[in-house]
Amino acid sequence: MKYKSSLLVAITIYLLVQGIGLWISRTGPSGGAGIIETVKQGEVLQPVVQNPDNPFSSLQIFLYVLVSTAVLLILLKYRLGFIIQAFIYFGLFGGLSLTLWGLLGDIGFMLAIPLMIIAIWKRNNLAVTDALLILSIPGIGSWLGASLSFIPALILLIGLAVYDLIAVFGTKHMVTLAEGAKGKIPLMFAIPVGDRVLGLGTGDLAIPLVFSVSVLRDYSMTQAITTSLGGLLGLMALFFYILNKKDIVLPALPPITVGLILGYAVGVVLKYVSV
């Protein structure tokens, strides 16, 4: 199949982020408590929101996204890229630390420091930047997902998917942000597809993980896996769709969202069939 290698890259990135995220959410180092249980206990990590079961908690996180996006756009407008880089690398360092802590325990925190230094030093190396994103997004997504129960996470997922549509086709500010960040700020994976590029932003991978982790938090690993795989089918559908289109910019989160919801529904059906 033409562009098979590009599709495999997209699938691999998605599965690595989801797989690592779900793993560290359920299981900590040496089989101890994972991020979900750690957040519930409030020992090492506090929930991002005060009431994980309150649907309005999703609005709080949604506002964080809006404010952060607005700040980034303002900084881009005034060509203050160095401030954006500092802001983004600080967030990625937090995610990297959480991921490595979930995998290795306390030594992961210490290991994150030299790895982050290398990532900044080699920031023009695409492979190094991609590796940084793959290892940072699971920590961020797991923490957010562990902080929300299923309903708030579902509301957040749908709300951000609608916002993604508006930001790409309506205001187009997400396109502006992507263009301004290209090659300068580690905000997305750029996957060549023929003479075009499939851009997967950090949000396109982090938000699906938030939802999958919330499913794991409230239900089971089986349902979390079917949810995650449904999102992968949504990503693949987007990939095949853009092959037949020219000069079109499409948001990735909406089709992934549809796939996630369908995957969750399949998990519910499997649960009741197996009873």
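Read-outs throughout are calculated quantities, based only on the coordinates presented, and are distinct from any laboratory measurement. The model shown is predicted, which means the values in this text are computed figures rather than measured ones. Cβ atoms come from the backbone with ideal geometry, glycine included; neighbour counts cover every protein chain shown.
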Practice task
Could you work out the Rg to Rh ratio of the range 118-193, with Rh taken as the Kirkwood radius (inverse of the mean 1/r over all Cα pairs)?
Solution key: 1.04
Completion exercise
Flagged as over-length at 28 Å C-alpha distance, from Lys40/Lys122; Lys4/Lys271; Lys4/Lys77; Lys122/Lys245; Lys172/Lys246, the pairs are Lys40/Lys122; Lys4/Lys271; Lys4/Lys77; Lys122/Lys245
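About its Cα centre, how strong a charge dipole does the range 89-231 have in debye, to the nearest 20, once Lys and Arg get +1 and Asp and Glu get -1 at the Cβ? Don't skip to the answer; put the middle values down first.
Details: 7 positive and 7 negative charges, 57 e Å.
Using only the charged Cβ atoms, the result is roughly 280 debye.
Mean Kyte-Doolittle of at least 0.5 and a Cα length of 20 Å or more along the axis: which whole DSSP H helices of the chain meet both? List each step's numbers first, then the result.
On the way: long enough: 4-26 (32 Å, 1.27); 56-77 (32 Å, 1.99); 81-104 (33 Å, 1.67); 106-121 (24 Å, 2.12); 126-146 (30 Å, 1.55); 150-165 (23 Å, 2.27); 202-218 (24 Å, 1.02); 221-243 (33 Å, 1.56); 253-274 (31 Å, 1.57).
Helices passing the filter in the chain: 4-26, 56-77, 81-104, 106-121, 126-146, 150-165, 202-218, 221-243, 253-274.
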Exercise for the section: Starting from the range 16-112, pick out the chymotrypsin sites (Phe, Trp or Tyr not before Pro) whose DSSP state is loop and whose Cβ has at most 11 other Cβ atoms within 10 Å. Expected result: Tyr78
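Only counting other Cβ atoms within 10 Å, I'd like Leu198, Leu232, Leu111 sorted with the fewest neighbours first.
Working: Leu198 22, Leu232 19, Leu111 16.
Lowest to highest Cβ neighbour count: Leu111, Leu232, Leu198.
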Completion exercise
The alpha-carbon center of the range 167-240 and that of the range 1-56 are separated, in whole Å, by 14 Å
Practice task
Quick one: grab Rg to one decimal and Dmax as a whole number for the chain, Cα atoms only, in Å.
Solution key: 18.0, 59
Problem - Percentage of interatomic Cα-Cα distances in the range 121-275 larger than 21 Å - result: 48 percent
Practice task
Taking H placed 1.01 Å from N in the peptide plane, check which residues at least 5 places from Leu250 or on another chain put their amide H under 5 Å from its amide H.
Solution key: none
Handout entry: Charge dipole (the range 26-130, unit charges on Cβ, about Cα centre) - positive-most of Val71, Leu92, Leu111
Key = Val71
